[in-house]
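Just below is one structure, and these are the notes that go with it.
The values are calculated or read from the model by the stated rules, or taken from the named source; none is laboratory data. Keep in mind that this is a model prediction, so the values were computed, not measured. Cβ placement follows ideal geometry from the backbone for every residue including glycine, while neighbour counts extend to all protein chains displayed. These area figures cover heavy atoms from the full protein model, side chains too; ligands, DNA and RNA do not enter into them. Shrake-Rupley method; radii C 1.70, N 1.55, O 1.52, S 1.80 Å.
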Amino acid sequence: MKQRQIVMVLYSRSSALDSEVVGWATYDGTGKTFHHPGGQDEPPYNTGLEAMLDGWRVIQISQLVPPYPGTEYSTSFLPFEIVLEQLVEVE
Amino acid sequence: MDNLLTTQQMALFVARGFLRFDALVPESINDTVLAAIEAGGEQDGLLIQDSEVHSYSPGTPLSECYVDQPALRQLLDLPSVRGIIQSLVGRDPLFDHHAIHHCPPNQKTAQYIHADSIIDTRTNFDIQLMYYPHEITERMGGTRYVPGSHFRRVNEMAIARYQNIKGQQHVVCPAGTLLVMHHGIWHGGGRNQTENHRYMFKIRLNATEKQVKLWNISDLDEKSVGPKAIFDPDAYLHRDRVQTIFELPEKWFPMDESRLEIVNRIKLWRHLVGDESFDSHYWLSRLENNN
C-alpha cells in the first residue's frame, strides 16, 4: 500500500491552537476530493485543537515574529497558520 | 447634488471596503449591455472587440470615455452612479482600465483570492465599479470578497492559499447591481456551476482631486461624535455613528489585529475629513501624546 498526504491549513484568531478558526484550505494528495476557492463558508473544524482531536497531525505552526520597525500598525497576511496532515493509504 | 453618499455610507466604505447597490441600473441599460456582450462586435451602445469592451488610454478623464458607447455612458451618467463616484473619487476621475469578467458554464474551480494590481501603500484610494448586468444566482458563483480586507498589504495572488475566510461574501444579486470596492479588497471570481454564462463588467477609477469631504457632509457633525472612552457603553449604541462603525470588527479579524484595523480606519478617515485630530475611542491620541 502506498501513502498519500492530505494537507489542511487552518488560520486561527490567535496564536493559541484552541482559538477560533477564521480561514481554511484543504489540499488532497489522494486526488479523491478537490477543494476550490470559496467553496465552503463554514470551517471544517472550529479550532486547531478540534482537528487534532479528530486525528490530524500538526506539522507546522506560525512563528511569532515581532513587527519590522515602521510596520507596527500595518496588517497583511493572516498571521496564525496551522498546517496539519493526514496520511492516507491508497491502492 | 442630491445623490452624494451619506456620512454613514462613507464610514461603512472606510470600515468594510465596499458598498453594494442592488438593482441600481435600469433594465433598459442592463439589457443593452448584456445583449452587446453576448453578440460581440459593434452593437447598440457598445463596441465589443475580441470579447472585450473597446478601451481607452489609462489616465483619460472619465468624462471623455464611453462617448462612443452610449449604454455605458448612460450608466455612468445615472445621477445615483455619478453621486457614488463623486463622493469617493471626485467629479471627473481618471479611467484606469476596464474588463468584462466572463465565467463560462460548468466551471470546475474558482479564481484564487487576490488583491488587484500590485501591492499599494497609498492612503488615497482607487475604486472599482463592479456592474452585474444580469441576475446572479447562488450557483452562478458571483464575485467572492472579504469585507474589511482592503487595508491588508499583500501583493496580488500571494494570498491564493486562503481558500475560504469566515465572513466571505458571494455576490448573489438582481440585474443592475453595482458593487463599489476599495482597490485593496481581497476578492475572486466564484465558480459558475450553471449552464449559463456569467458576466460582470468592471471599471477602475483614479481620483484627480483630494478625497476630502467629497460626499454629503451635512450630517458629518451629527454622525461623528467622539472620541468616547473605551468601554463607555454609549460608544457602542449608535450604529449610525462613524466611531461606532469603526469599532465593529469583521468575523475573521485576528484577535491582536482588530484594533490595528480600527487604526487603519481612523487614518483613512482623517485623510477623508482633512482632520488629523480625528479619533475613535483613544487609539491614536494615546500614541500621539508625546509628553
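Remarks
- Extension gain for B:R91 to B:F21 (0.36 nm times residue separation, less C-alpha to C-alpha distance): 23.2 nm.
- Peptide-level mean, for B:155-164, of C-beta atoms on other protein chains within 10 Å: 6
- Annotation: amide H of B:S55 has no partner in the under-5 Å range at sequence separation 5 or more or interchain, hydrogens built in the peptide plane.
- Chain B shape via C-alpha gyration tensor axes, a/c threshold 1.5: prolate
- In the stretch B:108-122, the residues that give up 10 Å² or more of accessible area when the other protein chains are added, compared with the chain on its own (1.4 Å probe), are B:K108, B:T109, B:A110, B:Y112.
- Using the 1.4 Å probe convention, the accessible area of the stretch B:85-243 works out to 41 Å² per residue with neighbouring protein chains retained.
- Sites matching chymotrypsin sites (Phe, Trp or Tyr not before Pro) across the stretch B:200-232 that sit in DSSP coil, with at most 10 neighbouring C-beta atoms within 10 Å: B:F231
- Over 25 Å (Cα to Cα) - which of B:K166/B:K213; B:K108/B:K166; B:K228/B:K251 fall in this group: B:K166/B:K213
- Sparse-neighbour loop sites [GluC sites (Glu not before Pro); the stretch A:32-85; at most 16 other C-beta within 10 Å; DSSP]: A:E72
- Average Cα contact separation per residue, chain B, under 8 Å, 6 or more apart, as relative contact order %: 25 percent
- Chain A - Rg and Dmax from Cα coordinates, angstrom: 15.0, 53
- Remark on A:G23: its backbone amide H falls under 5 Å from those of A:Y11, B:K166, a criterion applied only to residues 5 or more positions apart or on other chains, H modelled at 1.01 Å from N.
- Shape call, the stretch B:210-291: gyration tensor on alpha carbons, a/c limit 1.5: rounded
- Approximate spin-label separation B:D77-A:R4, in nm, with each point projected 7 Å along Cα-to-Cβ: 5.9 nm
- Debye intensity ratio I(q)/I(0), log10, the protein assembly as shown, q values 0.08, 0.12 Å⁻¹ (C-alpha model): -0.47, -1.00
- Cβ crowding within 10 Å averaged over residues, with A:18-25, B:112-119 ranked highest first: A:18-25, B:112-119
- Amide hydrogen proximity for B:E42: with H placed 1.01 Å from N in the peptide plane, the residues at 5 or more positions away or on another chain lying under 5 Å are B:I48.
- Length gained when the stretch A:D41-A:E91 is fully extended (0.36 nm per residue, less Cα-Cα span): 14.8 nm
- Using θ = phi - 60° and Karplus 6.51 cos²θ - 1.76 cosθ + 1.60, couplings along the stretch B:231-245 (whole Hz; Gly, Pro as x): 6, 6, x, 5, 5, 10, 7, 9, 5, 9, 8, 4, 5, 5, 4
- Global form of the stretch B:139-291, assessed from the alpha-carbon gyration tensor, a/c cut-off 1.5: prolate
- Rounded to the nearest Hz, the phi-derived 3J(HN,Hα) couplings of the stretch B:75-88 under the Karplus curve 6.51 cos²θ - 1.76 cosθ + 1.60 (θ = phi - 60°) are 4, 5, 8, 4, x, 5, 6, 4, x, 5, 4, 4, 5, 9, where x marks glycine and proline.
- Take the convex hull of the alpha carbons in the stretch B:61-129; its mean projected area over all directions comes to 6.6 nm².
- Per-pair calculated FRET efficiency, R0 = 30 Å: B:L237 and A:V65 via Cβ, rounded to 0.05: 0.20
- Once the C-beta distance of B:D50 and B:S258 is scaled by a Förster radius of 51 Å, the resulting FRET efficiency is 0.65 to the nearest 0.05.
- Listed residues A:M8, A:V88, A:A25: farthest to the positive end of the dipole of chain A (Cβ charges): A:V88
- Across all C-alpha atoms in the stretch B:121-204, the radius of gyration and Dmax reach 13.3, 42 Å.
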